[in-house]
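The values are calculated or read from the model by the stated rules, or taken from the named source; none is laboratory data. Since we're looking at a predicted model, the values are computed, not measured. We place every Cβ from the backbone using ideal geometry, glycine too, and count neighbours over all the protein chains shown. Just the protein is used for accessible areas: all its heavy atoms, side chains included, with ligands, DNA and RNA removed. Shrake-Rupley method; radii C 1.70, N 1.55, O 1.52, S 1.80 Å.
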Amino acid sequence: MRLELRRGSLVLAVLARLRTEQYGYSLRVALGQDGIEMEESTLYPLLRRLESQGLLTSEWREEDRRKKRFYRLSPLGETMLARLAEEWRGLSASLERML
């Protein structure tokens, strides 16, 4: 049940964090610092899916002598984040009243 509850919130968390450009590992660390632990086996497929949906853009760059793929919200991703955040706040307020 806990996994089901978390599943939808992970998309919102990743989109929110990618308002600032990040590569996969730095994103995972940032999410962890925010209290959202995510395995690589969950994060990378999610990033690919969000990019294929047009919500993220990415580019390969060399940093510290290593090639890293940097991700950032696309304009469509920014719009989707705003919509999902609004939906989340409404749902969260409703649940909070019930609980």
Give the range 8-35 a look and list any residue that's touching a helix residue (DSSP H, G or I) at 6+ places or on another chain (Cβ under 7 Å), closer than 16 Å to residue 77 by Cβ and open to solvent by 50 Å² or more (accessible area, probe 1.4 Å), or say none.
-> 17
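Okay, residues lined up against (1) surrounded by 12 or more Cβ atoms within 10 Å (Cβ to Cβ); (2) part of a loop (DSSP other than H, G, I, E, B):
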site: 37; (1), (2): no, yes
site: 44; (1), (2): yes, no
site: 50; (1), (2): yes, no
site: 62; (1), (2): no, no
site: 70; (1), (2): yes, no
site: 79; (1), (2): yes, no
site: 85; (1), (2): yes, no
site: 89; (1), (2): no, no
site: 96; (1), (2): no, no
Qualifying positions in the range 1-33 - in contact (Cβ under 8 Å) with a residue 40 or more places away in the chain, assigned to a loop (DSSP other than H, G, I, E, B) and either farther than 17 Å from residue 70 by Cα or acidic (Asp, Glu) (or both) | 21
